[in-house]
1. Condition first: open to solvent by less than 50 Å² (accessible area, probe 1.4 Å) and β-branched (V, I, T). Now tell me which residues in the range 68-107 satisfy that.
2. Within the range 176-198, how many residues turn out to be free of Cβ contacts under 8 Å to residues at least 24 places away in the same chain and either within 18 Å of V144 (Cβ to Cβ) or outside any loop (DSSP other than H, G, I, E, B) (or both)?
3. Against the condition closer than 22 Å to A50 by Cβ, assigned to a strand (DSSP E or B) and touching a residue at least 40 places away in the same chain (Cβ under 8 Å), how does K201 come out, does it pass?
4. Would you check which residues across the range 176-197 are farther than 24 Å from R49 by Cα and open to solvent by 60 Å² or more (accessible area, probe 1.4 Å) and list them?
5. Could you go through the range 132-154 and let me know if any residue there is closer than 30 Å to A194 by Cβ, in contact (Cβ under 8 Å) with a residue 40 or more places away in the chain, open to solvent by less than 30 Å² (accessible area, probe 1.4 Å) and in a strand (DSSP E or B).
6. Only residues that are among the aromatic types (F, W, Y) and modelled with pLDDT under 95: list them for the range 165-205, please.
7. Only one of these is closer than 24 Å to P45 by Cβ, open to solvent by less than 20 Å² (accessible area, probe 1.4 Å) and part of a strand (DSSP E or B): A160, A113. Name it.
8. All but one of (1) of a type in the set (A, V, I, L, M); (2) open to solvent by less than 10 Å² (accessible area, probe 1.4 Å); (3) at pLDDT below 95 hold for A38; state the number of the condition that does not hold.
Amino acid sequence: MPNQAVERKAQSKLARQAARADLLPFLRAWIAAPLRVAAIAPSGPALARAITAEISAASMPVIEFGPGTGVFTQAILDAGVTADQLIMIEAGADFAALLRTRFPAVRIVEGSAGALHDIPLFGAGKVGAVVSGLPILSMPKPVVLAILDTAFSELRPGGAMYQFTYGFRCPVADSVLDALGLKASRTSTVLVNAPPASVYKIERK
């Protein structure tokens, strides 16, 4: 166990160093698809800690939507989730290639989080948490509905989806939450992130 803790700490340090080097590829991805990326810089370590604050080994298995450069991914692993119990869903080919080199033991599925019906993940009702780095606020309502449908078809009773936003309220409209029988609550606001961000926990009513 002590060796694992030291190893995780070293991995986390490397990830922070790598995150500083991610700005250029992140900007390139934003220029190529600004609506899909929706931010001009990777999320910071403080936001990564906030969005994974309730994640632990007990949450396994876990799915991550839109991992980008892997800042949240490393925080998920640091929280005790093992690589074989994490699946990343990434629509950007460049990001997916980067993630494969950075997290070779984690399964990556290339595609949209709202169009995975024919792709086996962990299985209905097995997942304890979904961590989302997707720019839901900028997405059309049908796409958001499809993403949440994917998440909650995998989530077990008591499981939750964690979503961050740069806005002043939950990025999922009340009408969408009501249609799916869900509720949302803000768990934290991270002022030191650039730009400041809030984390919302979405769960079944």
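1. Of everything in the range 68-107, those that are open to solvent by less than 50 Å² (accessible area, probe 1.4 Å) and β-branched (V, I, T) turn out to be T69, V71, T73, I76, V81, I87, I89, V106.
2. 6
3. Considered against the rule, which asks whether it is closer than 22 Å to A50 by Cβ, assigned to a strand (DSSP E or B) and touching a residue at least 40 places away in the same chain (Cβ under 8 Å), K201 comes out as yes.
4. Answer for the range 176-197, where residues must be farther than 24 Å from R49 by Cα and open to solvent by 60 Å² or more (accessible area, probe 1.4 Å): D178, A179, L180.
5. yes
6. Selection gives Y166, F168.
7. Only one candidate qualifies: A160.
8. Of (1) of a type in the set (A, V, I, L, M); (2) open to solvent by less than 10 Å² (accessible area, probe 1.4 Å); (3) at pLDDT below 95, only one is false for A38: (2).
The values are calculated or read from the model by the stated rules, or taken from the named source; none is laboratory data. The shown structure was predicted, so the numbers you read here are calculated from the model rather than taken from an experiment. Counting neighbours? That spans all protein chains shown, and the Cβs are built from the backbone with ideal geometry, glycine included. Surface areas here come from the heavy atoms of the whole protein model, side chains and all, with no ligands, DNA or RNA. Shrake-Rupley method; radii C 1.70, N 1.55, O 1.52, S 1.80 Å.
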